[in-house]
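A short write-up of the structure that comes next.
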C-alpha cells in the first residue's frame, strides 16, 4: 500500500512538473527569446498603413476583388487563419475540376486580354494552408493588362512595380520567387491615390 502511495505521489509530482515546464515555462521562454531576437516576426509580421493601423500580415493572404488591384490565390477557407487548411483533392477529383472551371470563368471575365493558356497555375489553385499571401511573379504579370486598362497606369510601370516587390528564393536556393500581394497592392495604391 505504501509503495503504491509513493508511486502515485511520484506520478502526480512528475506530471505537475512536466505540465509546468511544457505548458508554462517553455512557452514563456520561447516567446521571450523571440521577442528579443525578432520582435516583428514574433508579433505576426504585421503590416501597418500610414496611420499606424494594422492592415494585414506578411504571412496571411487577403481577398482582393477590385479590378484596380492585383488578385491573389483562391482560398477554400476565405483566408480565415482560425482554420487553415485546404481540400486535399486529387487531380482526378470532380470537385477540383469544377472549382477550377469556375475560377477560370471568373478569370476570363476579369482579364479578357490575357488568354487562359497564360494563366499561371497558382492563380487558379489554392495553397495547402489556404492562407498563402504570395503569387508567382508570372501570376502578377498576367494581371498587368487588366490593371493598366482599369487604372491608366503604363504596363511598364506596373512591371517595374512587380519586379521591385519580387522576393527571391530563401537563402538563394529554397522555394521559388514570389510576390506578396498585399505589399504589391500597397505600392500600387501609392501610384493610384
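The values are calculated or read from the model by the stated rules, or taken from the named source; none is laboratory data. From a predicted model like this one, the values you see are computed outputs, not experimental measurements. Cβ atoms come from the backbone with ideal geometry, glycine included; neighbour counts cover every protein chain shown.
Miscellaneous remarks
- Residues (buried (at least 17 other Cβ atoms within 10 Å of the Cβ) and either without any contact (Cβ under 8 Å) to a residue 40 or more places away in the chain or assigned to a helix (DSSP H, G or I) (or both)) located in the range 173-182: 181, 182
- A residue that is surrounded by 10 or more Cβ atoms within 10 Å (Cβ to Cβ), under 30 Å from residue 133 (Cβ atoms), out of contact with any strand residue (DSSP E or B) (no Cβ under 7 Å at 6 or more places or on another chain) and at pLDDT below 90 occurs somewhere in the range 13-32.
- Of residues in the range 77-119 being buried (at least 17 other Cβ atoms within 10 Å of the Cβ) and part of a loop (DSSP other than H, G, I, E, B), the one farthest from the chain's Cα centre (by Cα): 114
- Listed conditions (1) in a loop (DSSP other than H, G, I, E, B); (2) touching a strand residue (DSSP E or B) at 6+ places or on another chain (Cβ under 8 Å); (3) free of Cβ contacts under 8 Å to residues at least 60 places away in the same chain are all met by residue 131, apart from (3).
- Subset of the range 146-156 [assigned to a helix (DSSP H, G or I) and touching a helix residue (DSSP H, G or I) at 6+ places or on another chain (Cβ under 7 Å)]: 146, 147, 148, 151, 155
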